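Colleague: I have a structure here, written as structure tokens, and I will follow up with some questions on it.
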Amino acid sequence: MGTLLFKANYGYKLIILLTLRQVIKISQIAKERVEILINLYKNLYKTVKLVQERIKKYYNLKKSKGLNLKKGDKV
């Protein structure tokens, strides 16, 4: 007589109480949550890019351009 792998590993029989209708409902909810997470990730990515661009612009404005020397100036 064969033994289920789950029972062999964990010592008890796995009981699944979900019906097909419940599984379909759960999968629809999971799809909706995945879409929400994808949208949140896209918004976060756009925000991070915007912040990086602003920091870059600010840094470039504040960066020292060096001395204003021309050819023939004494140093």
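Colleague: Identify, from the list 13, 70, the residue that is surrounded by fewer than 10 Cβ atoms within 10 Å (Cβ to Cβ) and either in contact with a helix residue (DSSP H, G or I) (Cβ under 9 Å, 6 or more places away or on another chain) or in contact (Cβ under 8 Å) with a residue 12 or more places away in the chain (or both).
Modeller: Values: 70 fails: either in contact with a helix residue (DSSP H, G or I) (Cβ under 9 Å, 6 or more places away or on another chain) or in contact (Cβ under 8 Å) with a residue 12 or more places away in the chain (or both).
Within the list 13, 70, the selection yields 13.
Colleague: Please specify each residue of the stretch 32-51 satisfying the condition of being open to solvent by 100 Å² or more (accessible area, probe 1.4 Å) and either outside any helix (DSSP H, G or I) or of a type outside the set (A, V, I, L, M) (or both).
Modeller: Scanning the stretch 32-51 gives 32, 33, 35, 41, 42, 45, 46.
The values are calculated or read from the model by the stated rules, or taken from the named source; none is laboratory data. It should be emphasised that the depicted structure is a prediction, and the values quoted were computed from it without experimental measurement. Positions of Cβ are backbone-derived with ideal geometry, glycine not excepted, and every protein chain shown enters the neighbour counts. We work out accessible area using only protein heavy atoms, side chains counted, and drop any ligands, DNA or RNA first. Shrake-Rupley method; radii C 1.70, N 1.55, O 1.52, S 1.80 Å.
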